[in-house]
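Peer 1: Before I ask anything, let me first share the structure, which is written out below as structure tokens.
The values are calculated or read from the model by the stated rules, or taken from the named source; none is laboratory data. Note that the structure is a prediction, hence the values are computed from the model and not measured. All Cβ positions, glycine included, derive from the backbone under ideal geometry; neighbour counts span all protein chains shown. Protein only, heavy atoms only, side chains kept; ligands, DNA and RNA dropped before computing areas. Shrake-Rupley method; radii C 1.70, N 1.55, O 1.52, S 1.80 Å.
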Amino acid sequence: MHAALHSRILIEQAKGALAARRALSLYEAFTAMRHHARSHHLLLTTVAQHIADHGDLPQPPPNRPPPPPSEYEHP
């Protein structure tokens, strides 16, 4: 239960940071995080941890073409 609570807190913090950085609503920030995680076969908590550490979504691996842009992802 402690791990689930920690994951939830991490996701909420990352969602807020991404929303602030990209001027998105919290819903749009979560949607962008979820889309990125699914497109790159990553756990949502992995994406959230990267945002917490670096302030933005992780870059796609260099050997894979990036996915098409989402309507919620801003440059």
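Peer 1: Taking segment 16-45, which residues are part of a helix (DSSP H, G or I), in contact (Cβ under 8 Å) with a residue 12 or more places away in the chain and out of contact with any helix residue (DSSP H, G or I) (no Cβ under 6 Å at 6 or more places or on another chain)?
Peer 2: Gly16, Arg21, Arg22, Glu28, Thr31, Ala32, His35, Ser39
Peer 1: Here is a further query. Just checking, which of Ala20, Ala3 is at pLDDT 95 or above, over 12 Å from the mean Cα position of the chain (by Cα), among the hydrophobic types (A, V, I, L, M, F, W, C) and on the phi < 0 side of the Ramachandran plot?
Peer 2: Of the residues listed, the single one that is at pLDDT 95 or above, over 12 Å from the mean Cα position of the chain (by Cα), among the hydrophobic types (A, V, I, L, M, F, W, C) and on the phi < 0 side of the Ramachandran plot is Ala20.
Peer 1: Among the residues of segment 1-30, count how many are among the aromatic types (Phe, Trp, Tyr) and open to solvent by 80 Å² or more (accessible area, probe 1.4 Å).
Peer 2: 1
Peer 1: Then there is this: Going through segment 31-51 one residue at a time, which ones are under 15 Å from Ser7 (Cα atoms) and either open to solvent by 60 Å² or more (accessible area, probe 1.4 Å) or charged (D, E, K, R) (or both)?
Peer 2: Matches in segment 31-51: Arg34, Leu42, Leu43, Thr46, Gln49.
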